[in-house]
1. Which label belongs to the value computed from this structure, given these candidates for Cα Rg over 2.2 N^0.38 Å: [x] 1.67; [y] 1.15; [z] 1.08?
2. Roughly speaking, to the nearest percent, how much of the stretch 38-174's 1.4 Å accessible area is carbon and sulfur?
3. Between Glu95 and Lys14, with labels modelled 7 Å along Cα→Cβ, what's the label distance in nm to one decimal, could you check?
4. Sort 69-77, 33-41 by the packing proxy (mean of other Cβ within 10 Å over each peptide's residues), most packed first.
5. Of the peptides 88-95, 119-126, how do they stack up when ordered by the mean number of other Cβ atoms within 10 Å, highest first?
6. Rounded, prolate or oblate: which fits the stretch 79-174, taking a ≥ b ≥ c as square roots of the Cα gyration tensor eigenvalues, rounded meaning a/c under 1.5, else prolate when a/b beats b/c?
7. So, for the chain, what is the accessible surface per residue at a probe of 1.4 Å, expressed in square angstrom?
8. 5 Å is the cut-off here: which amide hydrogens, built 1.01 Å from N in the peptide plane, fall below it relative to Tyr49, excluding neighbours closer than 5 in sequence?
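The values are calculated or read from the model by the stated rules, or taken from the named source; none is laboratory data. Remember, it's a predicted structure, so these values are computed and weren't measured experimentally. Here Cβ is always computed from backbone atoms with ideal geometry, including for glycine, and neighbour counts include all displayed protein chains. Remember, those area values only see protein heavy atoms, side chains included, never the ligands or the DNA or RNA. Shrake-Rupley method; radii C 1.70, N 1.55, O 1.52, S 1.80 Å.
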Amino acid sequence: EQWKTVDEFVKAAKTKTMSIGLSSFGSVAHITALSAAKVWGITPNWVPYETGSDAVTQVAGNHIDAAVTAATTAVPLMRGGRIRALLRFSDSPLEGYENVPDPAEAGYPIPVISGLGGILAPPKTPASVVKIIEAAAAKTVKDPEFLRWAANAKYEVIQLSSEGFRKKILEQYK
């Protein structure tokens, strides 16, 4: 309960070195955290963890000051009131946390890079195999059980073709 807003966190981070947990160096969360620290003008003590769940658990236990991770790893502790979301790095609000601002809403010019996930295959995969994978994915994203699971886990589900997925990835990393 130290900070109720991202502005309070940034103000505190300018007066003391914060320990901020990260998982997967080079990941979306890592790149986003580095961008945020630069925009905020802070130099945190980065603490590496194997998973985002490990990092948020350490926040809940007051072993580190904050963590930058995928919302899906933080939701159980957020629901339990053990940690608080201060900023979301997503273009769309997280259901149940609509009052958590994105960087633009909070007044910070931090780029939002989504944690886009999908099915990957080798570059020379035959078109006939790609079509089979796309058809299976299209069926899956319409399955009510899958959609319930995704909503509960706070995953945003979008269906893209193989080419659409490739374009979306390249667009984000310009």
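1. Checking each listed value against the structure points to [y].
2. Ligands and nucleic acids excluded, carbon and sulfur give 56 percent.
3. About 3.8 nm, to one decimal.
4. Result, highest mean first: 69-77, 33-41.
5. Going from most to least packed, we get 88-95, 119-126.
6. Oblate shape, in that a/c is at least 1.5 and b/c is the bigger or equal ratio.
7. Ligands and nucleic acids excluded, the result is 64 Å² per residue.
8. Placed amide hydrogens put Leu22, Ser23, Ser24 under 5 Å from Tyr49.
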